[in-house]
Amino acid sequence: MTIDVVQTESDTSPRDSAPPPVRSRSRSRGRRVEAALAYFVLTIGALLILGPFVVTILTSFRTSADMAVNPGLWPAEWTLDSYVTAFTEVPLARMILNGLFISTVATAGGLLASLLGAFALAKLKFRGQRTYFGLVLFTLLIPGTVTLIPLYIIIRSLGLIDSPWALILPLWTGSAFAVFFLRQHLMTMPVELYEAAILDGCSTPGVVFRIFLPLLRGPLSILAILNFLASWNDLLGPLVYLSSPDQMTPTVGLTYFQGQYTSNLPVILAGALVIVIPTTIIFLLFSRQVREGLAISGLK
Amino acid sequence: MTVAQKGARRRSSVAGARGWTLLFLAPVTIGIAVVYYAALQGIALGFTDWNVISDPEVIGLQNYQTLVNDPRFWTAIRNTMGIVLITVPVKLAIGLVFALALNRVIRFGNFFRLALFFPFTCSVVAVSFIWKYFYDADGALNRIREAFGWGKIAWMDPSIALWSVSAMIVWSGVGYIALLFLSGLQSIPRQYYEAAIIDGAGAFARFRHITLPLLTPTTFFLVVISLIAAFQTFGEVYILVGPLDSTLTLMSYIYERAFAGFEMGYASAISAVLIGLILIVTLVQLWMQRRWVSYDN
């Protein structure tokens, strides 16, 4: 079949006999057709993917009464009632603060731990370094499913159920991926930087924070965004460890809405849109870093 | 360290560094120790009967015997495999088409990339609620159908609920696949195509003999991670629950048994099966990659 294609093409424009202008014109027409097709495919794709968000935004400005009598997707009258309900009847503001607190503190601590670990692996010498690094990497192969229940038991025995620390402390030990990623970057930086600074009387932590931290700004910001997104969007963690509405993160808080507002869809949709706002801001501001981060980590 | 003597200076900095090494490695060491401990504990729990309150009781293979005769376990296996078999190939196929298109456009490329990728960064919970509204009997999709004069469809009917959930998973994840394929496409040297054009190769031949083989490493990576993610589908079916266990997955069954029923031993046994499945599929992939993945350099 592929041979056929090759032959038909060479029949219509034999390589040596066809004058170059004709060839290039037919090729550029082919290019234009391809480009038009590409725009068509992408426009359909963008409509299908963004459309549901637009419909959801429209619906969040409706009342449930309007939805019942009015069949279409367009609000008959616009109202912010659903947003008001989401923030007054449910402690959504509180949940957002909880979520921001957990995501920020967990991310910051996790990055610090990963940075220190990566520095020790890349720039300090100790016995069994390679084995240790191997042990760190191997944890990447252990699926979260197997550790879910035992981790819950550990957190429970620490008395951290229904506390934000149940979600923060496990992340404060750093992540194998971040250690690996930062170590790779540190390996490319000369060890002389470290030795010279030590000889000048700088302490080891001083070297890490004053010399290497600024050099690692790029990789660290990618990891920060990635961890923040993962933490903010996490469902299983808060679901397993948190129970009272006051401790809840917005992601799970939304499922808590569901019970109360089954009949009031606009309220649930308003809540869904509100919890997407922080990640959307990060996404729009740092889209390149988000893309790169997810591409290299291959997570989610 | 009170008086820094000349010759001892370097040695003391190394000795000082040893203390720092231990301190720096402490958090990560605790982390990996917990992971290894938890992994072993998880396997061990599968052989016990434990409701968290009383002490765990070792019951050997009994959990696994119960599993074999548990119809809901088999439903969960079937549904999980269904989601895997629907979402992975469809996501990859559509993602590749989007990537090829993205590779062709010059203007608005950034807008299209952002648009396709956007749902992937949103919370699974938010996305699932949005689709819950779309699939509702009185929801957005049926409103659109009615506007065209078509009848309503019960999108979450047990017979098609798994397809509906799979469509949502594809919708939210296809942008990620497209972007990774795009970076794969952009790393293919232009000269290959130019040489092929001189040799008279048509668009399809170029795609078949240059693009596809050189994309196999990206494809392999995407197949492996999509499979692992699909096997662990949870958030989507936690919110968008199909009636009569029609969307019960292994992960949601583990959650239900462990944290609603507090049957930690039984849930651990199901986890072990899930991990076994992921492991087998990943190993098969690794073994098969020699046959279809071509690493050029």
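Looking at the range A:161-188, which of the residues that are assigned to a helix (DSSP H, G or I) and among the β-branched types (Val, Ile, Thr) is farthest from residue A:115 (Cα to Cα)? Let's see the steps before the verdict.
Let us first name the residues in the range A:161-188 that are assigned to a helix (DSSP H, G or I), namely A:165-173, A:176-187.
From what is left, the residues that are among the β-branched types (Val, Ile, Thr) are A:168, A:173, A:179.
Numbers: A:168: 17, A:173: 11, A:179: 7 Å.
Looking at the filtered set, the residue picked out is A:168.
From the list B:129, B:111, the lone residue that is assigned to a helix (DSSP H, G or I) and crowded, with 24+ Cβ neighbours inside 10 Å is B:129. Scanning the range B:114-126 for residues that are β-branched (Val, Ile, Thr) and open to solvent by 10 Å² or more (accessible area, probe 1.4 Å) turns up just one, B:124. Within the range B:133-153, restricting attention to residues that are in a helix (DSSP H, G or I) and within 16 Å of residue A:59 (Cα to Cα), the residue that is most open to solvent (accessible area, probe 1.4 Å) is B:144.
For residue B:247, work out the one condition from (1) out of contact with any helix residue (DSSP H, G or I) (no Cβ under 7 Å at 6 or more places or on another chain); (2) buried (at least 21 other Cβ atoms within 10 Å of the Cβ) it doesn't fulfil. Only one criterion in (1) out of contact with any helix residue (DSSP H, G or I) (no Cβ under 7 Å at 6 or more places or on another chain); (2) buried (at least 21 other Cβ atoms within 10 Å of the Cβ) is unmet by residue B:247, namely (1). Scanning the range A:57-73 turns up at least one residue that is surrounded by fewer than 17 Cβ atoms within 10 Å (Cβ to Cβ) and at pLDDT 90 or above.
Residue-by-condition table, conditions (1) crowded, with 24+ Cβ neighbours inside 10 Å; (2) within 11 Å of another protein chain (Cβ to nearest Cβ):
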| residue | (1), (2) |
| --- | --- |
| A:97 | no, no |
| A:104 | no, no |
| A:121 | yes, yes |
| A:126 | no, yes |
| A:159 | no, no |
| A:179 | yes, yes |
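Might you let me know whether the range A:137-144 holds any residue that is at pLDDT 95 or above and out of contact with any Ser or Thr (no Cβ under 9 Å at 6 or more places or on another chain)? Quick ask: steps written out before the conclusion?
First, pick out the residues of the range A:137-144 that are at pLDDT 95 or above: none.
Checked the range A:137-144: no residue is at pLDDT 95 or above and out of contact with any Ser or Thr (no Cβ under 9 Å at 6 or more places or on another chain).
Taking helices (runs of 4 or more DSSP H) as the structural unit, those lying wholly within the range A:225-300 and holding at least 1 residues that are closer than 12 Å to residue B:121 by Cα and within 8 Å of another protein chain (Cβ to nearest Cβ) correspond to A:265-285, A:287-297. Within the range B:148-169, being of a type in the set (Phe, Trp, Tyr) and touching a Gly at 6+ places or on another chain (Cβ under 7 Å) holds for no residue. For the condition at pLDDT 95 or above and open to solvent by 70 Å² or more (accessible area, probe 1.4 Å), what is the one hit in B:58, B:97? From the options B:58, B:97, the qualifying one is B:97. Do we have residue A:147 as in a helix (DSSP H, G or I), in contact with a Gly (Cβ under 7 Å, 6 or more places away or on another chain), at the interface with chain B (Cβ under 9 Å from one of its Cβ atoms) and closer than 22 Å to residue A:237 by Cβ here? For residue A:147, the condition - in a helix (DSSP H, G or I), in contact with a Gly (Cβ under 7 Å, 6 or more places away or on another chain), at the interface with chain B (Cβ under 9 Å from one of its Cβ atoms) and closer than 22 Å to residue A:237 by Cβ - is met.
Return the total of residues in the range A:198-210 being surrounded by 13 or more Cβ atoms within 10 Å (Cβ to Cβ), assigned to a helix (DSSP H, G or I) and within 10 Å of chain B (Cβ to nearest Cβ). Number satisfying all stated conditions: 5.
Figure legend. Inter-residue proximity from the range B:211-234: first residues over 22 Å from residue A:234 (Cα atoms), second residues surrounded by fewer than 19 Cβ atoms within 10 Å (Cβ to Cβ) and of a type in the set (Phe, Trp, Tyr), beta-carbon distance below 7 Å, spacing 6+ or different chains. Indicated pairs: B:216/B:292; B:217/B:295.
Just one of (1) away from every other protein chain (no Cβ under 13 Å); (2) out of contact with any Pro (no Cβ under 6 Å at 6 or more places or on another chain); (3) open to solvent by less than 80 Å² (accessible area, probe 1.4 Å); (4) modelled with pLDDT under 90 fails for residue A:81. It is (3). Set side by side, the residues A:239, A:220, A:229 differ, and just one is open to solvent by less than 40 Å² (accessible area, probe 1.4 Å), among the aliphatic types (A, V, I, L, M), farther than 30 Å from residue A:116 by Cβ and touching a helix residue (DSSP H, G or I) at 6+ places or on another chain (Cβ under 9 Å), which is A:239.
So which helices (runs of 4 or more DSSP H) are wholly in the range B:183-258 and hold at least 2 residues that are more than 12 Å from chain A (Cβ to nearest Cβ)? Show your work before the answer.
Numbers: elements: B:190-198, B:203-206, B:212-231, B:235-239, B:250-255.
Counting at least 2 such residues, we get B:190-198, B:212-231.
Quick check on my filter: what residues within the range A:275-290 are touching a Leu at 6+ places or on another chain (Cβ under 9 Å) and open to solvent by 40 Å² or more (accessible area, probe 1.4 Å)? Selection gives A:284, A:289.
For the subset of the range B:269-297 comprising residues that are among the polar types (S, T, N, Q) and assigned to a helix (DSSP H, G or I), which member is nearest to residue A:147 (Cα to Cα)? Don't jump to the end; show me each part of the working.
Narrowing the range B:269-297 to residues among the polar types (S, T, N, Q): B:271, B:282, B:285, B:289, B:294, B:297.
From the residues that got through so far, the ones that are assigned to a helix (DSSP H, G or I) too are B:271, B:282, B:285, B:289.
Numbers: B:271: 9, B:282: 19, B:285: 24, B:289: 29 Å.
Taking the candidates together, the pick is B:271.
Residue A:112 meets all of the listed conditions (1) modelled with pLDDT of 95 or more; (2) surrounded by 19 or more Cβ atoms within 10 Å (Cβ to Cβ); (3) within 30 Å of residue B:30 (Cα to Cα) but one, namely (2). Residue A:139 passes every criterion in (1) facing chain B (nearest Cβ under 7 Å); (2) under 22 Å from residue A:102 (Cβ atoms); (3) polar (S, T, N, Q) apart from (2). One residue alone among B:241, B:237, B:224, B:284 is open to solvent by 30 Å² or more (accessible area, probe 1.4 Å) and under 18 Å from the mean Cα position of the chain (by Cα), and that residue is B:284.
Only residues that are in contact with a helix residue (DSSP H, G or I) (Cβ under 7 Å, 6 or more places away or on another chain) and open to solvent by 20 Å² or more (accessible area, probe 1.4 Å): list them for the range A:242-274, please. Let's see the steps before the verdict.
Let us first name the residues in the range A:242-274 that are in contact with a helix residue (DSSP H, G or I) (Cβ under 7 Å, 6 or more places away or on another chain), namely A:242, A:245-255, A:257-258, A:261, A:263-274.
Selection gives A:245, A:246, A:247, A:255, A:258, A:261, A:263, A:264, A:265, A:273.
Selection of the range B:265-276 for residues being over 14 Å from the mean Cα position of the chain (by Cα) and either more than 9 Å from chain A (Cβ to nearest Cβ) or open to solvent by less than 30 Å² (accessible area, probe 1.4 Å) (or both) yields B:265, B:266, B:267, B:268, B:269, B:270, B:271, B:273, B:276. Residue pairs whose Cβ atoms lie under 8 Å apart, sitting 6 or more positions apart in sequence or on different chains, and linking a residue in the range B:98-116 that is at the interface with another protein chain (Cβ under 8 Å from one of its Cβ atoms) to a partner that is part of a loop (DSSP other than H, G, I, E, B) and among the hydrophobic types (A, V, I, L, M, F, W, C), are B:112/B:105. As for the range A:55-64, it holds at least one residue that is within 30 Å of residue B:114 (Cβ to Cβ), in a loop (DSSP other than H, G, I, E, B) and touching a residue at least 12 places away in the same chain (Cβ under 8 Å).
The values are calculated or read from the model by the stated rules, or taken from the named source; none is laboratory data. Just so you know, these numbers come straight off a predicted model, no measurement behind them. Ideal geometry is used to build each Cβ from the backbone, glycine not excepted, and the neighbour counts take in all protein chains shown. Areas reflect the complete protein model, heavy atoms only, side chains present, ligands, DNA and RNA absent. Shrake-Rupley method; radii C 1.70, N 1.55, O 1.52, S 1.80 Å.
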